[in-house]
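Following: one structure in structure tokens, then a few remarks.
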Amino acid sequence: MAELTIDLTYGSALFEAAKDTGQTARVMEEATEVLGILKQEPGLHTFMNYPAISANEKKAVIEQVFGGKICDLLLHFIYVLIDKRRTGHFEKMIKAYKKMMDQAEGLSYGTVYSVEPLDKERISGLEADISKLFQANVRLENEIDPKLMGGVKVLVEGKIIDMSIRKKFDDLGSQIKLNQGGKI
């Protein structure tokens, strides 16, 4: 629970600072690049998190690697994380930042489950329909679920819209039971 609070607190602080300076998109883009570099160079990631190395040494290396390549706001944010020994939380902080950025832009993300991969046109159509329903700008990711038999099931913000054949069969079965007084 404490980790979630740390991630949210720092991610929120970065988002507010970026918003105040009009750099939300830039910070997100550059933070994503930094995360990519840290994944490509695990030695740098280990170095940043190694407790026996002083904060000043870490900052000097970070300055050499990222200085002039990322905005000062993000660079100084990383310095704060080094000083507070929170660099291990950087990825989760950026996820929290992205979520706040998406919310500010009215974006919601969801998943559309189908038996086979959906083409881009079908996903775009579903995004438009679901966006109207939720009154938000919804982006969907397609996942395969062979148990559906056919149709689709959409999950957005904890809500399920089930347009699958299995659901239609279940509804039909329930309707038949009701019409026969619960006897089949």
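Name, by its number, the condition in (1) basic (Lys, Arg); (2) surrounded by 16 or more Cβ atoms within 10 Å (Cβ to Cβ); (3) at pLDDT 90 or above that does not hold for residue 153.
Answer for residue 153: the failing condition is (3).
Okay, residues lined up against (1) in contact with a Leu (Cβ under 9 Å, 6 or more places away or on another chain); (2) among the basic types (Lys, Arg); (3) part of a helix (DSSP H, G or I):
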position	(1), (2), (3)
19	no, yes, yes
26	yes, yes, yes
45	yes, no, yes
73	yes, no, yes
92	yes, yes, yes
97	yes, no, yes
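Taking the residues in region 47-66 that are assigned to a helix (DSSP H, G or I) and of a type in the set (S, T, N, Q) as candidates, determine which candidate is farthest from the chain's Cα centre (by Cα).
56
What are the residues in region 27-54 that are touching a helix residue (DSSP H, G or I) at 6+ places or on another chain (Cβ under 8 Å) and over 15 Å from residue 90 (Cβ atoms), if any?
Passing the criteria: only 53.
Considering only residues of region 130-150 that are part of a helix (DSSP H, G or I) and loosely packed, with under 12 Cβ neighbours inside 10 Å, which is nearest to the chain's Cα centre (by Cα)?
Only one residue tops the list, namely 132.
The values are calculated or read from the model by the stated rules, or taken from the named source; none is laboratory data. In this text, all values refer to a predicted model and were calculated from it rather than measured experimentally. Here Cβ is always computed from backbone atoms with ideal geometry, including for glycine, and neighbour counts include all displayed protein chains.
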